[in-house]
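Data first, discussion second: the structure below is written as structure tokens.
The values are calculated or read from the model by the stated rules, or taken from the named source; none is laboratory data. Predicted, not measured: the structure shown is a model, and the values here were computed from it. Heads up, the Cβs are rebuilt from the backbone with ideal geometry, glycines too, and the neighbour counts pull from every protein chain shown.
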Amino acid sequence: MNAQQLQRILASGEDSNHQFKREISRLDSLAAELAAFSNNGGGRIFIGVADNGQIIGLTPEQVRRFNQQLSNAASNNIRPPIHPLTENIVTDHGVVVVVTVPNGLNKPYMDLQGRVWVKNGADKRHVTSREEMQRMFLNAGLIQADTLPIPGSTLADLDEKAFNAYFQKRYSYDTDPAKLESTLTSMGLAKEQQLTVAGVLLFGKQPQRWLPVCIIKAVAFPGTSIADINYLDSEDIYGTLQEQFQRSFSFIKRNLHHVQNGRGFNTLGELEVPPVAIEELLVNALMHRDYFDSASIRILVFRDRIEIISPGHLPDNITTDEIRQGKTKRRNPVLSDHAAHLLPYRGLGSGVHRALEAWPHIELQDHRNGNEFRAVVARSERATGSTSPPGQVADQVTDPVAPPVAPPVAPPVRAVLRQLEKYGELSNAQLREHLKINDRRHVRRSYIDPALEAGLIEMTIPDKPSSSQQRYRLTAAGQQWLQQQHEKNNE
């Protein structure tokens, strides 16, 4: 750095990355500044500069004394020690010492009193919130929220049927009931005879009994503002992560338009935002959220955009540009490991890249002060009455709650639709029970498959058709067909 470069920096004033000091009189004050920069991505301290950016300068004797102070503070007054770099800039008013503090690799850093310091704008503050302290340990990789045991839970709170099905599918052999506890512990799903956060979220019987904030709050608005007093659709989404993913995906899909895109008149058309983009962003929100934070994931569907908001900013100073290029750091390693076999998740850092390839109109926002990450997905502008996004052909669109009329359906399919209207989601076995039919294959071929092919029902786990947890539910077209039947009967 030369004197001209120094003057340009000083003219910009102090900020979160630049601090001005006339001189150092107390080692504990210097240690606090160094720790704050180490905990917040690094920065520079300019010694021999007034608060207003005016160069005061240091004498050679002051420079020697400061270097000794810096060495003592960095080695003895900070835990763990840090290793700053110094550079002396000669000016007309004396020497300015520039101290470069690197981003710390062993956070959190604290002073001799055990206080953890962070930057607060151009100033600094020490951390007093337990939640913020936990988050710092989390981002440093010292603890993982998903590995923590949940007080009061027991192995009896595990859905053993779901876990055994997962274990058999993943490892191709059955679990030993006598070794269930050791198996769960080795997989990070239990600790000290209690289920961990990961165990409850993946295989708990009632996850929200233990983790009430781990839900998804979804709202669809008619306009473009969250301040709108009206809404089109709203749902609090509970259950395991797998169930939350499926229901969230369904919520977004039913509140979007379909574009005809050259398809036949009596088809639902294609979703205005590619499903793969929504899928990847939803999985990222579930996998990378900060489970120390007391906020819930939010899904907000507006007329012009979808916002998926997840508690927890990007860890360890990773930027949005870096995650676009595939850089990743697993905040919840146990969840990530198992989710690769339960959800459309790979854990390679490629999810955001795939979402952007499918739909480039996605803005990624990392809000560190608010501790949240927000993915803002622009909806098809043609569907909202504006011009089409770049490169997209203007398509005829359908209303999200009024899809095209479904063609006539056979009696077996009608029976399936009426059962789903009455009971909601049903498995093959449950359908057989309500239809009073014992032949599983017959129900599949004559009832379920034709309803799926007609687009009147859908699977709750579409990527795993043979899953033991598979259920079926009505699509928007199925609901529309039933509504038409009710209207005819009332005429």
Name the one entry in Arg79, Arg64 that is surrounded by fewer than 18 Cβ atoms within 10 Å (Cβ to Cβ), farther than 21 Å from Ala122 by Cβ, of a type in the set (D, E, K, R) and in contact (Cβ under 8 Å) with a residue 12 or more places away in the chain.
Arg79
Only one residue in Ser248, Ser310 is among the polar types (S, T, N, Q), assigned to a helix (DSSP H, G or I) and touching a helix residue (DSSP H, G or I) at 6+ places or on another chain (Cβ under 6 Å). Which one?
Ser248
Scanning region 330-372 residue by residue, those under 18 Å from Val200 (Cβ atoms) and among the hydrophobic types (A, V, I, L, M, F, W, C) turn out to be Val334, Leu335, Ala339, Leu342, Leu343
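Can you work out which of the residues in region 238-250 that are surrounded by 21 or more Cβ atoms within 10 Å (Cβ to Cβ) and either out of contact with any Leu (no Cβ under 8 Å at 6 or more places or on another chain) or among the aliphatic types (A, V, I, L, M) (or both) is farthest from Ala285 (Cα to Cα)? Before you say what the answer is, go through the steps one by one.
Taking region 238-250 first, the residues surrounded by 21 or more Cβ atoms within 10 Å (Cβ to Cβ) are 240-242, 244-246, 248.
Cutting the leftovers down to either out of contact with any Leu (no Cβ under 8 Å at 6 or more places or on another chain) or among the aliphatic types (A, V, I, L, M) (or both) gives us 241, 246.
On the way: Leu241: 11, Gln246: 13 Å.
It comes out as Gln246.
For region 51-76, how many residues are within 42 Å of the chain's Cα centre (by Cα) and within 18 Å of Asp111 (Cα to Cα)?
The initial filter retains those residues of region 51-76 that are within 42 Å of the chain's Cα centre (by Cα), namely 51-53, 70-76.
With the extra rule that they be within 18 Å of Asp111 (Cα to Cα), the set shrinks to 70-76.
Within region 51-76, residues that are within 42 Å of the chain's Cα centre (by Cα) and within 18 Å of Asp111 (Cα to Cα) number 7.
Residues being touching a Pro at 6+ places or on another chain (Cβ under 9 Å) and farther than 20 Å from Gln168 by Cβ: count how many of those fall in region 457-475.
Here is the first cut: in region 457-475, the ones touching a Pro at 6+ places or on another chain (Cβ under 9 Å) are 459, 463, 475.
Checking the rest, the ones that are also farther than 20 Å from Gln168 by Cβ come to 459, 475.
Number of matching residues: 2.
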Among the numbered criteria (1) farther than 22 Å from Pro315 by Cα; (2) surrounded by fewer than 18 Cβ atoms within 10 Å (Cβ to Cβ), which single criterion is violated by Gly41?
(1)
For Gln168, indicate whether it is more than 25 Å from the chain's Cα centre (by Cα) and either surrounded by fewer than 16 Cβ atoms within 10 Å (Cβ to Cβ) or not β-branched (Val, Ile, Thr) (or both).
yes
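How many residues are charged (D, E, K, R) and without any contact (Cβ under 8 Å) to a residue 40 or more places away in the chain when one looks only at region 5-42?
In the first step, residues of region 5-42 are kept if they are charged (D, E, K, R); the result is 8, 14-15, 21-23, 26, 28, 33.
Filter again for without any contact (Cβ under 8 Å) to a residue 40 or more places away in the chain, leaving 8, 21-22, 26.
Result for region 5-42: 4.
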Only residues that are out of contact with any Phe, Trp or Tyr (no Cβ under 8 Å at 6 or more places or on another chain), part of a strand (DSSP E or B) and under 19 Å from Ile24 (Cβ atoms): list them for region 100-129, please.
Thr100, Asp123
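Examine region 54-61 for a residue that is part of a strand (DSSP E or B) and touching a residue at least 60 places away in the same chain (Cβ under 8 Å), and state whether such a residue exists. Show your work before the answer.
From region 54-61, those part of a strand (DSSP E or B) are 55, 58; that's our starting set.
Now restrict to residues that are touching a residue at least 60 places away in the same chain (Cβ under 8 Å): none.
Within region 54-61 (the criterion being part of a strand (DSSP E or B) and touching a residue at least 60 places away in the same chain (Cβ under 8 Å)), the answer is no, since none of the residues qualifies.
Just give me the residues in region 171-225 being among the β-branched types (Val, Ile, Thr), in a loop (DSSP other than H, G, I, E, B) and more than 26 Å from the chain's Cα centre (by Cα), in sequence order. Break it down into steps so the answer makes sense when it comes.
Initially, region 171-225 is screened for residues among the β-branched types (Val, Ile, Thr), giving 175, 183, 185, 196-197, 200, 213, 215-216, 219, 224.
If we keep only those that are in a loop (DSSP other than H, G, I, E, B) too, we end up with 175, 213, 215, 224.
Correct list: Thr175 only.
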Taking region 242-274 and keeping residues of a type in the set (A, V, I, L, M, F, W, C), touching a strand residue (DSSP E or B) at 6+ places or on another chain (Cβ under 8 Å), closer than 20 Å to His361 by Cα and modelled with pLDDT of 90 or more leaves Ile252, Leu256, Val273
Filter region 1-47 down to the residues that are outside any helix (DSSP H, G or I), in contact with a Lys or Arg (Cβ under 7 Å, 6 or more places away or on another chain) and of a type outside the set (A, V, I, L, M, F, W, C) and list them by number.
Ser16, Asn17, His18, Asn40
Looking at (1) modelled with pLDDT of 90 or more; (2) in a loop (DSSP other than H, G, I, E, B); (3) touching a strand residue (DSSP E or B) at 6+ places or on another chain (Cβ under 6 Å); (4) not aliphatic (A, V, I, L, M), which is the one condition that is false for Gly239?
(3)
By residue number, the members of region 19-38 that are farther than 16 Å from Ser75 by Cα and under 31 Å from the mean Cα position of the chain (by Cα) are none
